[in-house]
Amino acid sequence: MKTSIAIIGAGIAGITLARAISHAADVTIFEKSRGLGGRMANRRREGFAFDHGAQYFTARSPALKATAKQAVAQGHAGIWPKAVHTLKADGLVTDTRAPEPRYVGVPGMSAFANGLADGLHIRKDTTVARLAASEGGWALSDNEGHDLGRVDLVVSTAPAPQTIRLMPETFAGNAALKTVEMSGCFTLMIGLEGPLDLGFEAARIEDPVLSWIAAEAGKPGRSDRTALTIHSRNDWAEANLERDRGEVQAEMLQSLKQLMGQDLSAATWIDLHRWRYANVEKPAGQSFLFDEALGLGACGDWCLGNRVEAAVESATALSERLKRRLQGA
Ligand SMILES: Cc1cc2nc3c(=O)[nH]c(=O)nc-3n(C[C@H](O)[C@H](O)[C@H](O)COP(=O)(O)OP(=O)(O)OC[C@H]3O[C@@H](n4cnc5c(N)ncnc54)[C@H](O)[C@@H]3O)c2cc1C
């Protein structure tokens, strides 16, 4: 009988790991959300479409480059943006660096993960809240104590502060997990009637409140309705995480007005998303965590960095370790 493995989280790390080991093990991914992709996220509202998490990813490793190119060929990904400019209080600084391919999912960011997840066994809308030792493996249950089954090995790809809450005190990776620091982010989504020419597709923002702005309609395969996605700075989000959402939104709109000279507070659609764990400030500094004796592991961007590439690299490294264990099993 094949070794059974539960992977917690259908973000890019969980999906990458599942794809790499599914031929050698009986793998189930548990994902608490309705959709796949984790922080590679998008939403549609009133005909407006927003990528409210990761904006694009780069692919420097040969493996991810090949995966990204294949996703482009299959129509799950496209190339965007051509340039990332810098928006400052005194104007726009044009990006003159040689362009490096940047990828987005098509028609939304999560489509990249969805394309890769084809054929995987995924239980959506299912939160793993507890792991209990059971017959040499682990019994999983949800928030209401419902039994989610028993498996031989468990890997968590949830952000480090959430992984810590799941792992037993005896997990060998706990010391490394405790060193990880992650920060939040607020994402403002604005939908407008009629076109708006920003003069750029995407720009980093130098500002005490905001860090990023993107015009969604220019991305491949998107709705042509005018939609802007704006991220706060991570340090500003951390200082304002528990603040009233209306106040957060108003302050972000005020900063945008100062930068763009336009008041967008009467836009057709405005929404705010709070990311509790968006960015990795201090990674674990190890490619993955794995407790051979307990049969518990963890991987994700927070092991190595704060980007999609770090999540893929971490999951790939853990998959190699698991493949060795599965071959010996
Ligand atoms: C606002 C923002 C902007 C970003 N911009 C960029 C960018 O431009 N470029 C870039 O490369 N990266 C960017 N990133 C970072 C990038 O999104 C992440 O590095 C990457 O997506 C992390 O993937 P992951 O699989 O490690 O984690 P996640 O995507 O967080 O996946 C973890 C998954 O686990 C699930 N989960 C958690 N707990 C449980 C549980 N108990 N039971 C079941 N499921 C659970 C979650 O729902 C989630 O789907 C950005 C992130 C944010 C939030």
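Every number here is computed from the coordinates shown, using simple stated rules; none is lab data. Every value quoted in this text rests on a predicted model; they were computed, and no experiment measured them. Cβ placement follows ideal geometry from the backbone for every residue including glycine, while neighbour counts extend to all protein chains displayed.
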Before we move on, is Thr16 near the ligand (Cβ under 10 Å from one of its atoms), surrounded by fewer than 21 Cβ atoms within 10 Å (Cβ to Cβ) and more than 15 Å from Lys124 (Cα to Cα)?
no
For segment 137-153, state whether one or more residues are small (Gly, Ala, Ser), surrounded by 16 or more Cβ atoms within 10 Å (Cβ to Cβ) and within 10 Å of the ligand (Cβ to nearest atom).
no
Only one of Ala158, Ala176 that is within 13 Å of the ligand (Cβ to nearest atom) and either under 27 Å from Ala41 (Cβ atoms) or without any contact (Cβ under 8 Å) to a residue 24 or more places away in the chain (or both)
Ala158
Which condition number does Gln55 fail, the rest of (1) over 30 Å from Leu148 (Cα atoms); (2) of a type in the set (S, T, N, Q); (3) out of contact with any Phe, Trp or Tyr (no Cβ under 7 Å at 6 or more places or on another chain); (4) touching a residue at least 12 places away in the same chain (Cβ under 8 Å) being met?
(3)
Just to check your reading of the model, which residue among Thr28, Thr86, Thr16, Thr67 is in a strand (DSSP E or B), within 20 Å of the chain's Cα centre (by Cα) and among the polar types (S, T, N, Q)?
Thr28
Extreme residue, surrounded by the fewest Cβ atoms within 10 Å (Cβ to Cβ), among residues of segment 295-315 that are more than 8 Å from the ligand (Cβ to nearest atom) and farther than 27 Å from Gly136 by Cβ
Leu304
Against the definition (more than 8 Å from the ligand (Cβ to nearest atom), surrounded by fewer than 23 Cβ atoms within 10 Å (Cβ to Cβ) and assigned to a loop (DSSP other than H, G, I, E, B)), how does Lys2 come out, yes or no?
yes
